[in-house]
Each structure stands twice: as C-alpha cells, then as structure tokens.
1. Return the residues of segment 94-144 that are near ligand 2 (Cβ under 8 Å from one of its atoms), farther than 19 Å from L74 by Cβ and in contact (Cβ under 8 Å) with a residue 24 or more places away in the chain; say none if nothing qualifies.
2. List pairs: first residue in segment 163-177 and touching a residue at least 12 places away in the same chain (Cβ under 8 Å), second residue charged (D, E, K, R) and surrounded by fewer than 18 Cβ atoms within 10 Å (Cβ to Cβ) anywhere in the structure, Cβ distance under 8 angstrom, at least six positions apart or on different chains.
3. If only one of L178, L161 is within 21 Å of the chain's Cα centre (by Cα) and surrounded by 15 or more Cβ atoms within 10 Å (Cβ to Cβ), which one is it?
4. Here is a list of conditions, (1) surrounded by 13 or more Cβ atoms within 10 Å (Cβ to Cβ); (2) of a type in the set (V, I, T); (3) more than 23 Å from E55 (Cβ to Cβ); (4) away from ligand 4 (no atom under 14 Å from the Cβ), and T103 meets all of them except one; can you say which number that is?
5. Considering only segment 98-141, state which residues are under 23 Å from the mean Cα position of the chain (by Cα) and not aliphatic (A, V, I, L, M).
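Coordinate-derived values only; no laboratory data. Please read these numbers as outputs of a predicted model, since none were measured by experiment. Because the Cβ atoms are built from the backbone with ideal geometry, glycine has one as well, and the counts that use them run over all protein chains shown.
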Amino acid sequence: MIPGDFIPKPTKKKLFILGFLGIGSLAGATLAVGLVVLVISAWLGLPLNVFGFNEGPTQPIAFPHTTHVQDIGLDCTFCHRNVTEGQAASIPAVGLCMTCHTTIGHDKPEVEKLLSFHKAGRPIDWVRVHRVPDHVRFVHEPHIRHFSEKNNVNPSGTCQLCHGDVGSMTKVSQVKPLKMGDCIDCHRDNDAPSDCSTCHY
Ligand code: HEC
Ligand code: HEC
Ligand code: HEC
Ligand code: HEC
Ligand code: HEC
C-alpha cells in the first residue's frame with residue numbers, strides 16, 4: 001500500500017487558500033526586498049538607480065555615448081575640449097558633430113534632428129546632468145591633471161572617478177552623489193586643500 005493514500009486529499013477550498021497564501025507571501029517578500037534596497041540606498045546617499053528612476057534627463061537629441069566612445073573609440077577630450085584647460089568640461093557645438101555627420105548616419109531619425117539644428121543654425125539646448133550649487137567652485141583642470149599623472153592614464157581615463165562609465169551609457173545619468181562630504185573625503189586622501197575657501201566663493 002502507498003503511504004500517501006492515508007493522507008486526506010486537500011479540499012478545493014484549502015487549495016485555494018494555500019495558493020492565495022503563496023502568492024501573498026511572494027508579493028510580501030518582493031515588497032520587503034524593495035524597501036530594504038530603498039532604505040539602504042537612501043542611507044548611503046546614493047541616487048536611486050535600481051528601477052531606472054535615476055536614468056537621467058531626456059535630451060533634445062538622443063545622443064548615445066556608447067556609439068561614439070565604445071564603437072568608434074573617440075576620447076572624451078575629443079568632444080569635451082575644455083576639460084583639461086579650465087573650469088567647465090564644455091559640451092561640443094553642433095559644428096563639431098558635423099565634421100562626421102555631414103555624411104554619416106542620415107538614415108537615423110536622431111541624426112536627422114541634428115541636421116535640422118545645423119540647418120537652422122540653432123544651438124542644441126542640452127539638459128544639464130551634473131551641477132554643483134552656485135556657492136560652490138569646481139574646476140576640472142587640476143583634477144584631470146592630478147589623476148592622470150597619479151594613475152598614469154590619459155586625461156579621458158580620469159573621468160570615471162566622478163562620472164562612472166559614461167562610455168557605456170546610452171543616456172548620461174549622475175552615478176555619484178558629489179556632495180560636500182565626497183569632495184572633502186577625496187581631498188583629504190590626496191593632500192589636496194580642504195579649507196572652506198577652496199570650494200566656496
Ligand atoms: C562625440 C562627442 C562626445 C564624446 C566623444 C563624449 N561626449 Fe560626453 N557628452 C557629449 C554631448 C553632446 C553631451 C550632452 C548630451 C548628453 O548629456 O548626453 C555629453 C554629456 C556628457 C556628460 C554630462 C554633462 C552634464 O550635463 O552633466 C558627461 C559627464 C560626459 N558627457 C562625459 C563624457 C565622458 C567621460 C566621455 C568619455 C568616456 C565622453 N563624455 C565622451 C558629447 C560627447
Ligand atoms: C568622429 C565622428 C563623429 C562625431 C564627431 C560625431 N558622431 Fe555621431 N555618430 C558617428 C557614427 C560613426 C555613428 C554611427 C552611425 C551609424 O550607425 O550609421 C554616429 C551615430 C550618431 C547618432 C545615431 C545613434 C543611433 O543609433 O540612433 C546620433 C544621434 C549622433 N551620432 C549624434 C551626434 C552628435 C550630437 C554629435 C556631436 C556632439 C556627434 N554625433 C558627433 C560619428 C560621429
Ligand atoms: C573630481 C571629480 C570629477 C572628475 C574627475 C571629472 N568631473 Fe566632470 N564634473 C564634475 C562635477 C562636480 C561637475 C559639475 C560642475 C559644475 O556644476 O560646475 C562636472 C560636470 C561635467 C560636465 C558638464 C558641465 C561642464 O563642465 O561642461 C561635463 C561635460 C563633464 N563634467 C565631463 C567630464 C569629463 C569628460 C571628465 C574627464 C576628462 C570629467 N568630467 C572629470 C566632477 C568631475
Ligand atoms: C576623486 C578625488 C576628488 C574629488 C571627488 C574631488 N576632488 Fe577636488 N581636488 C582633488 C585633488 C587631488 C586636487 C588637487 C589637484 C592638484 O592641484 O594637484 C583637487 C583640487 C580642487 C580644487 C582646486 C584647489 C586649488 O585651488 O588648487 C578645487 C576648487 C576643488 N578640487 C573642488 C572640488 C569640489 C567642489 C569637489 C566636489 C564636487 C571636488 N573637488 C571633488 C581631488 C578630488
Ligand atoms: C572640497 C570642496 C569643499 C570644501 C573644502 C568645503 N565644501 Fe562646503 N560644499 C561643497 C559642495 C560640493 C557643496 C554642495 C553639495 C552639498 O550640499 O553637499 C557644499 C555645500 C555647503 C553648504 C550648504 C549646505 C546645504 O545644505 O545647502 C555649506 C553651508 C557649506 N558647504 C559650508 C562649508 C564650510 C563651512 C566649509 C569649511 C569648513 C566647507 N563647506 C568646505 C564642497 C566643499
């Protein structure tokens with residue numbers, strides 16, 4: 001005789017309740033995990049990147065860093081020309097894009113948009129992703145110089161310290177908080193000046 005035969009078969013009602021409990025606890029567990037992730041990321045001060053909430057603003061043209069950095073292998077400094085010289089990294093003007101796009105990619109809708117900006121002689125109003133408040137002074141040049149010497153990389157190899165792996169982003173988003181504490185921690189670690197007037201006007 002099979003021992004199982006002694007166990008009474010569950011009624012339909014019991015099955016229904018068990019199934020309901022199963023789904024309920026699964027949903028509960030998912031919610032709990034979600035909450036824990038939220039609390040931890042808030043606690044670490046990280047911008048919440050988990051469900052794509054922090055995917056960065058939509059730009060007037062969907063400009064993919066992936067295509068230009070990973071596929072064609074352009075240096076960051078090819079486009080962000082001021083980054084090794086001054087305060088702002090600078091975003092390239094339409095004219096620089098046109099060195100390639102007078103001929104390349106005309107079958108792509110996003111390149112068509114670029115062509116219409118060029119034809120109209122209009123600049124593209126890119127939406128800023130990273131911005132420190134007005135009372136803060138940030139200068140790219142000393143950072144690029146310091147870390148390309150220290151880590152023995154070319155200038156474009158320093159950007160990821162603060163911006164993450166932009167070359168793999170189809171849409172740029174901020175991945176580091178870049179709050180005062182982050183600035184000061186790194187300044188202390190590198191014997192860089194950290195009195196208030198270094199960073200505040
Ligand atoms: C072909 C030109 C080009 C190259 C090469 C390029 N970028 Fe950009 N980058 C742009 C344009 C255009 C924008 C503005 C649109 C956007 O945010 O996607 C931009 C935006 C950015 C931003 C956001 C700026 C803000 O508003 O805060 C960062 C950071 C950045 N680039 C870093 C990099 C890094 C790092 C590299 C190299 C790995 C790189 N870029 C290579 C053209 C380029
Ligand atoms: C050194 C050459 C070069 C420069 C400079 C350049 N691009 Fe491109 N871009 C390319 C190539 C190559 C492609 C891929 C075209 C294809 O797949 O047909 C491309 C693709 C694109 C696409 C289409 C992506 C897609 O798949 O939909 C957009 C949009 C674009 N570029 C915008 C820009 C903008 C804006 C600038 C200036 C900030 C710029 N490009 C500067 C070479 C360049
Ligand atoms: C030490 C941290 C740090 C490093 C390293 C760094 N950035 Fe930045 N970047 C910032 C901060 C902070 C801002 C916001 C500055 C502001 O609001 O004035 C910024 C802003 C930008 C912007 C948008 C505004 C602008 O300046 O034009 C671009 C583009 C950019 N960075 C590109 C780069 C590139 C390319 C590199 C590498 C060559 C790089 N950054 C290296 C911290 C850094
Ligand atoms: C990854 C490390 C790192 C981070 C993050 C960082 N810095 Fe720096 N910063 C340095 C180093 C190193 C120097 C000194 C460079 C040199 O001149 O050799 C420096 C220099 C500076 C200077 C120039 C000081 C002077 O007068 O010579 C300013 C201004 C500055 N940082 C502001 C900031 C601000 C604001 C932030 C945050 C938004 C920031 N830094 C984030 C490492 C960092
Ligand atoms: C290495 C750069 C750096 C240094 C040094 C620095 N700060 Fe800041 N500070 C920042 C940045 C970046 C912000 C804006 C981001 C933030 O609010 O954390 C900021 C924000 C602030 C704010 C505004 C906070 C708020 O909630 O709006 C005050 C006040 C301030 N700093 C005071 C100081 C004082 C006082 C000192 C000297 C003891 C100092 N900071 C040194 C980078 C710096």
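1. Within segment 94-144, just K113 meets the criteria.
2. From segment 163-177, the pairs are H163/K176; G164/K176; K171/E55; S173/E55; K176/D182.
3. Sole residue among the options that is within 21 Å of the chain's Cα centre (by Cα) and surrounded by 15 or more Cβ atoms within 10 Å (Cβ to Cβ): L178.
4. Condition (1) is where T103 drops out.
5. Within segment 98-141, E110, D125, W126, R128, H130, R131, P133, D134, R137, F138, H140, E141 qualify.
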